[in-house]
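All remarks here apply to the structure that follows.
The values are calculated or read from the model by the stated rules, or taken from the named source; none is laboratory data. Being a predicted model, the structure only gives us computed values, none of them experimental. Neighbour counts run over all protein chains shown; Cβ positions are idealised from the backbone, glycine included. These area figures cover heavy atoms from the full protein model, side chains too; ligands, DNA and RNA do not enter into them. Shrake-Rupley method; radii C 1.70, N 1.55, O 1.52, S 1.80 Å.
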Amino acid sequence: MKHQVRISNRNQKNHIITLISMVCMLLFSCINFAQELESSHDIGVFHFDEEVIDYGTIAQNDNGIRTFKFTNRGRAPIVISNVKTTCGCTVPTYPKQAILPGETATIDIKYATNRVGSFSKTITIISNADERQKKLRIKGNVIAKPKASVN
């Protein structure tokens, strides 16, 4: 009989230790999650005036430069580390310095309008902002310039 009581006490102690361990892990997880939420507030946030620029119908070799304007609506500076485009026909120019909270900046895109036809290109901004990879788009249709007739 005494032997069975000892086993029962051991099982009860193991259950208590397991329960305490689980409670500690739960508390640690909650504290860690709360810190992640709090730190996420101190991050830069892009706010673009427009995320798609439609060139409409433009003539071949016309000015292909368009500007994406944005404001940092976050609580920390935004640093753009790179801007990638889907092809070499689209060349970005972007700020190399940090954009402080509340500041406005621009990303210029030069599309090579020497190519006739419709186009749709994606521009990916890589930064430390809330969206690590922000996607913008340009689209339009380039038409050939009419050839001058000789009379």
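Mind checking whether some residue in the range 70-81 is at pLDDT 95 or above, among the hydroxyl-bearing types (Ser, Thr, Tyr), open to solvent by 20 Å² or more (accessible area, probe 1.4 Å) and not in a strand (DSSP E or B)? No, that holds for no residue. Residues that are touching a Ser or Thr at 6+ places or on another chain (Cβ under 7 Å) and hydroxyl-bearing (Ser, Thr, Tyr) were ranked within the range 104-122; the one that is surrounded by the most Cβ atoms within 10 Å (Cβ to Cβ) is TYR111. A count restricted to the range 87-99 and to residues that are within 15 Å of PHE48 (Cα to Cα) and either open to solvent by 80 Å² or more (accessible area, probe 1.4 Å) or of a type in the set (A, V, I, L, M, F, W, C) (or both) stands at 1.
Only one entry of ILE78, ILE53 meets the criterion of being within 14 Å of the chain's Cα centre (by Cα), touching a residue at least 12 places away in the same chain (Cβ under 8 Å) and over 14 Å from THR113 (Cα atoms), and that entry is ILE78. Confirm whether ILE125 is surrounded by 15 or more Cβ atoms within 10 Å (Cβ to Cβ), under 17 Å from the mean Cα position of the chain (by Cα) and of a type in the set (A, V, I, L, M). Here the answer is yes, as ILE125 does meet what is asked. Pairs are defined by a Cβ separation below 9 Å, a sequence spacing of at least 6 or placement on different chains, a first member in the range 128-149 that is over 22 Å from GLU51 (Cβ atoms), and a second member that is open to solvent by less than 80 Å² (accessible area, probe 1.4 Å) and assigned to a loop (DSSP other than H, G, I, E, B); the pairs so defined are ILE143/GLN60; ALA144/GLN60; LYS145/GLN60; LYS145/ASP62.
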